[in-house]
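A.B. asks: First the structure, then my questions, so here it is.
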Amino acid sequence: MYYNGFIIFLFILIVRSYGFLRLENMTVTYDEHVEFRCSLPKNFLTKDNIIQWKKLRSNDDDLIIAINGKVPVRYEKFYHTDLTNQFSTLELYHVKRHDSTTYICQTFETQTILCQYNLVVLIKPESPTLTINEENIQEYQTVKLTCSSLNGNPPPQYTWYRNGTLLTSLNQQVSMMDNSSIYTFNVSRFDNQVKYECQISNQALINPLRVEQYLHVKYRPYVEILAQPSLFITNEKLIGIESNEQRLTCLIDANPTVTSVYWTINSTNIISREINVYLSRLTSEQSGVYTCVVENAIGKVNQSIYLDVQYAPRVYAIESRVIVNRSNSAILRCYVDSNPLPYQIIWFKNGYEIFRQNQLSDLRIDHVERNDSGLYTCIIYNRLYNNLTRNGSSIIELIVQSRPILETTYSKIAAEIGQTITLICSVSGQPKPNIFWKRNEQFINCDEIIDDKCYLRLFHITKKDFGSYRCIAENLLGREEWTYTIVSRGKPEAPHDIRVTEITSSSFKIQFSPSFDGGGGPQRFLIEVILHDKNTTFNRTILNQQLPYDTYEYIVKDLNESTLYIFRIKSMNIYGESPWTIETFVQTTESIITSDDLPQLRVISYNTKENILYFDYLPGDERLVKINHQQLCLNIRQSTDGNIYQSIDECLSIDNNRVKWIIKKEYPYLKLSICSKKYHHICGQETEMKEDSFSRNSTPMIIGIVVIATFLILIILTFIGILCCRWKKNHLTSNINKTNKFAINGLENGVKPIISEPCLQNPYLLYNNTNTHTSPYDFSANEYQQRKVSTSFSRSYDIVDRDQPKDEISVHDTGSSYGTANRTATIRASPHWLMNNGASSSRSGSNPSSELSCLTQNTNILFVNNETNSNHTPPPISHYGFPSSSSTTTTTKHHPIMNGNSTLRSSSFDQHQSSSGNSTPNRMKRLFYEVVV
C-alpha cells in the first residue's frame, strides 16, 4: 500500500509540473458550447481521490464547478461534467462574456493540477466611432482623434490610416483608454481635406471595421514665386538678362480664400494687383526686390525675391578728345558700368589691338609723337550668368600737337618741255598748318588743297620752269619746308640705303632702296659680286646679276665660308646707267658642319671608259640648302673581301655630281660617303656600291632612244605625205569636174584662160591701208610687191592686167597677129580677194557679193589653145602683186592670204550659188570662182 501511495505521489508531482507548464488556450464564439477533457494518470483510482473542476475569477473568489463528476444543481443548466478512470470532462453551455477565464482540473486533497484551460469567448465589437475634439481647426493646433468600439472580446486592435496610408511609429501619439484609441497630433495646412481612418479588428471579426473623418484646417496664405525664364542662384535671388523678357507668378495656397493680392518693388511702389508681373524687356533699372503680398481671414503673408538684371558693360569716357603736345604724356581712361563686373579690357588704336589687361586699367603713353595721334578704342568685356560674353566700348581721340611735318619721299621730278606737271606737297601737323609755295623768292598759292595735300600745277612747262620749288608749311608750333627740283629726263641715280642681312657661311642677302629713276620709266638694277683675294691684288667677279623690275633685294648663294666678298649696285633705265654704288664688303661666316648636315647618296654608277663615277642625292634632302657644293668632297673606302675597308688617300672633289677616279679590279667592294672638304673626318652616311654598277654607261641607251625616235618620225612623215598626195589628186579631179560642169569647151584640151583684173582709175586704192594693220603686200612705185603666192594660183593659167592700155593692146595684138582662134571674156576682179578676212583696206561698203555682181557685168576670159600657140611668148604683163605664169607654175608653197578665198567660197559664193540657181550671172560667178581656185 505504501508502495502504491508513493507511486501516486510521484505521478501527482509530474502531472502538476506538467500542468503548470501546459496551459491550453481555447476559443469559442459567444453563445456556443465548449468541452474540456482532462486525461487521468494510469492506475489512478477515482475512489481513492477526489477530482474537481474550478473556474478562476478576478476577485480571487474561485468557483468550484464540479467534484468527482457531480455539478451543483444550480449550475446544471450551465455546466455538465463526467468522470471515469481515464479522464474527466467539463462542458459549458451557451458561453457568455464572463465565461472567458481559466478552468482547472485538480485533485482536491493535494490541489494538484491535472489540466488547465484558458477559455476566451470571442465577441464581435460594435461599429467604431471617430470623433474630433475641435470643430474650428487652425494650422499648428493640437487635434485629438478618438476611435471607440464597445463589447468586443478580446478588446479590438486599433489601426490608423491617413489618406489610405498606414501610419506607423505612433507610440507617442496614440493612447488607449477603455474601449478607445486616441490619436493626438499638430495639424498643418497639409492636413486640410485629408481623410483620417480608424480600423478595428479582433478574432471574432472576419473583416475589420472602419470609420473615417475628413479634417478641415484653416491657415494663412502660403506664397511661392515662380519665374519664367528661371535663372535662380538661390531661392531668394533671380538672374535676369537685359533686353530679355521676365515673368513673375505668385503661387498661393490659402484656406479660406485670399482677399487681397498685390506686387511691390523695393517695398515702396505697387506695380501690380494681379498674381503675375510681366516685364517684356528688362533694363538695369528694373533690378530690385519684388514682393508678392497676400491676405486672407487668417493672416497676411508676403514673399520676396531679388531680381538681378545683368547687362553688358556701359563704357564711357569723360573726355572724348585728348589734346597733348608732342613729347608729353597722355593718359586715356575709360569708365564702365557693368553687371557683373568686367573681366578684361582691350585697347585698340585705329582698329589694331595694342594692349590687353585682365583688370581695368588706364592707357598711358609717354613721350607722345605725332604718329600717336588717332582714335583709341577701349573695349571692356564681362560674362553673364548664362556664359554669354558681352562687351561695351568707347572711343577717345588723341590729338598730338606738333609743328608741320612734310610727308614726301622724293625731291626730283623728271619732265619734258611742253609737259604738264603737278607738284604735291603732303603736310601733317596740329594745329592745321598753312601751306604755300616759293619759287625764286616769289610766293605761289596752292591751286587746290585736298586732305592736307597742296597741289601746284604747271601747264606746258618751258625751259625756264625747270628748277627748284619750295613747299612751306607753318603753324603756331613751327615751320617746315621741302624742295622739289624739276629736271630733264635722263639717267637714274644709284640706289641708296644698302643693307646686308642673313649672312651665313654660303650666302648673304642684299637689300636696298631705289633712288631717283631719272624719269625713264621702270628701272632695273645690276648687282656685281667680287671675290676678294687677300694674297693678291686680283679680285675675281663671281656674279653679275640683273634683277627683275621692282625688285629691291637679292640673295647671293653658293659662296665659300670665311671669305671676304665685295659687291656694288647700279641702276639702269632707257637713258643709261647710274654710277656704281660704293663697294660694300661682306665676310661670310665659318661653316660648322656635322654628320647630320651632310646629304646621303642615292644613285651611283661608273663609266669604265671615262673613269667617271656618277652619283645623286636622296630626293627632298633639305640639308643641301644649307651647304655649298664646293664645301663637299667624296670619300671612298674600298675592300678586297667586303670585311675590312680602307680609305683612299684623298677626298675627291665633286664636279656636277661626279668625280674622276679609277676603280681597281682588286677592290670590288666600295663604300662611298659625302664629307666636308675642310674637315675630312666629318662624313655623312655611307652608301655601298655594288659591283654590277661598275660598267654602267648611259651612252648606248641614249643612242638607242634617238634611233628609235628618228624611225618613228620617218614613219609618221611618210604617212602624212601619202595622205597629202591623195588629197591633192582628189582635189584636182574635183576642180576639173566642176569646170566641165559649166559647159566650157576646150579646158580638157589644154586651153588655159587668161584672167584680167578690173580697169580702175586708181587700182592702188583697193589696197590703201589707213589702219595699223599690216597688209600681206608692200606697195611702192605703182606696183604691188608680192611676198608669197599660194599654190592655188599655180594652175596653168595666165593672169593678165587689163588696167594698162599697152597690156590690152599686147594681148589683143597677140591674138590677131597669130590668127589664133581665141575666145575672150573680161573679168573685173578686185585684188582685195587676196587679202585676209579681217583686213580693213577694201573699199567702203564692198563685200564679196557686191564685188562678184560687179564682175559679171564686164568679164573677159581669154582661152589660149596651147597646141596652136605653143611657141608664142606673151608680152610683158604687170601683175599687181599676182605671180607671172612662169612663177606660178613653179610655186609650191601655200600662203596665208588664201584663207580669204576659202572663207569667200564657203560663205558668200556658195550662198549666191544656192540662191540664184543656174541663172546666167550666177553661172558666170561660179565659173570665175572655179577658174581662180
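A.B. asks: Under the Kirkwood approximation for Rh and a Cα-based Rg, what ratio Rg/Rh is obtained for segment 234-277?
C.D. replies: 1.02
A.B. asks: Quick check on segment 129-215: what are the equivalent-ellipsoid semi-axes from the Cα gyration tensor, as sqrt(5λ), descending, whole Å?
C.D. replies: 24, 13, 11
A.B. asks: What number comes out for the charge environment of ASP31, summing +1 per Lys or Arg and -1 per Asp or Glu over other residues with Cβ under 15 Å away?
C.D. replies: So the environment of ASP31 carries a net charge of +1.
A.B. asks: Can I ask one more? How charged is the neighbourhood of ILE405? Take every other residue with its Cβ under 14 Å from the Cβ of ILE405, and add Lys/Arg as +1 and Asp/Glu as -1.
C.D. replies: -1
A.B. asks: Under the Karplus relation 6.51 cos²θ - 1.76 cosθ + 1.60, θ = phi - 60°, what is the ordered set of whole-Hz ³J(HN,Hα) values for segment 311-316, x standing for Gly and Pro?
C.D. replies: 8, 5, x, 10, 9, 8
A.B. asks: Sticking with this structure for a sec: Where the convex hull is taken over the Cα atoms of segment 531-680, what is its projected area averaged over directions, in nm²?
C.D. replies: Averaged projected hull area, Cα only: 13.5 nm².
A.B. asks: So how long is each side of segment 317-400 along the principal axes, counting just the alpha-carbon atoms, biggest first, in Å?
C.D. replies: Reported extents, whole Å, longest axis first: 46, 23, 17.
A.B. asks: Something else: Quick one: what are the phi-derived ³J(HN,Hα) couplings along segment 249-266, Karplus 6.51/-1.76/1.60 with θ = phi - 60°, whole Hz, x for glycine and proline?
C.D. replies: Running phi through 6.51 cos²θ - 1.76 cosθ + 1.60 with θ = phi - 60° gives 10, 9, 8, 10, 10, 8, 8, x, 4, 5, 10, 8, 9, 7, 10, 10, 10, 6 Hz.
A.B. asks: I've got another one for you. Compute the Kirkwood hydrodynamic radius of segment 305-359, taking the inverse of the mean of 1/r over all pairs of distinct Cα atoms, and give it in Å to one decimal.
C.D. replies: 13.8
A.B. asks: Show me, bin by bin at 10 Å from 0, the whole-percent P(r) of segment 250-302 based on Cα pairs.
C.D. replies: Bins of 10 Å from zero give 24, 50, 21, 6 percent of pairs.
A.B. asks: Report the net charge of residues surrounding THR249, where surrounding means a beta-carbon distance below 15 angstrom and charges are Lys +1, Arg +1, Asp -1, Glu -1.
C.D. replies: So the surrounding residues net to -2.
A.B. asks: Now for a separate question. As a test of the definition: which semi-axes, in Å, follow for segment 598-679 when you take the square root of five times each eigenvalue of its alpha carbon gyration tensor? Largest first, please.
C.D. replies: Sorted largest first and rounded, they come to 22, 14, 12 Å.
A.B. asks: Kirkwood Rh, segment 496-587, all Cα pairs: how many Å?
C.D. replies: Every distinct Cα pair counted, the radius reaches 13.9 Å.
A.B. asks: Another question about this same structure. Considering amide H positions built from the backbone, and no H for Pro or chain starts, which residues 5 or more places from THR46, or on another chain, come under 5 Å of its amide H?
C.D. replies: Counting only residues 5 or more places away or on other chains, the set is empty.
A.B. asks: Select from segment 47-153 those trypsin sites (Lys or Arg not before Pro) which occupy a DSSP coil region and have at most 14 other Cβ atoms within 10 Å, ordered by residue number.
C.D. replies: Passing sites in segment 47-153 are LYS47, ARG57, LYS77, LYS96.
A.B. asks: Given the pairs LYS195/LYS300; LYS124/LYS144; LYS55/LYS77, which are separated by over 18 angstrom at their Cα positions?
C.D. replies: Cα-Cα > 18 Å for LYS195/LYS300; LYS124/LYS144; rest within.
A.B. asks: Per the Kirkwood definition applied to all pairs of different Cα atoms, how many angstroms is the hydrodynamic radius of segment 313-469?
C.D. replies: Computed over segment 313-469, the radius equals 19.2 Å.
A.B. asks: For ASN118, list long-range residues whose amide hydrogen, built 1.01 Å from N in the peptide plane, is under 5 Å from its own amide hydrogen.
C.D. replies: GLU24, ASN25, MET26, TYR103
A.B. asks: Mind putting together the pair-distance distribution for segment 218-310? All Cα pairs, 5 Å bins, whole percent per bin, short to long.
C.D. replies: Going out from 0 Å in 5 Å bins, segment 218-310 shows 3, 15, 25, 24, 16, 9, 5, 2, 0 percent.
A.B. asks: While we're here: Per residue of segment 631-641, what does 6.51 cos²θ - 1.76 cosθ + 1.60 with θ = phi - 60° give for ³J(HN,Hα)? Whole Hz please, x for Gly and Pro, Karplus curve as stated.
C.D. replies: 8, 10, 8, 9, 9, 10, 10, 10, 8, 8, 10
A.B. asks: Let me ask another. If I take the Cα coordinates of segment 410-488 and project them onto the principal axes, what are the three extents in Å, biggest first?
C.D. replies: Here the spans come out as 39, 23, 21 Å, largest first.
A.B. asks: Then there is this: Report, by chain and number, residues whose modeled amide H sits under 5 Å from the one on THR29, excluding near sequence neighbours (fewer than 5 apart, same chain).
C.D. replies: LEU122
Laboratory data are not the source of any read-out in this text; all were calculated from the coordinates shown. A quick note: this is a predicted structure, and the numbers were derived from the prediction, not measured. So basically every Cβ, Gly included, is an ideal-geometry build from the backbone, and we count neighbours across all protein chains shown.
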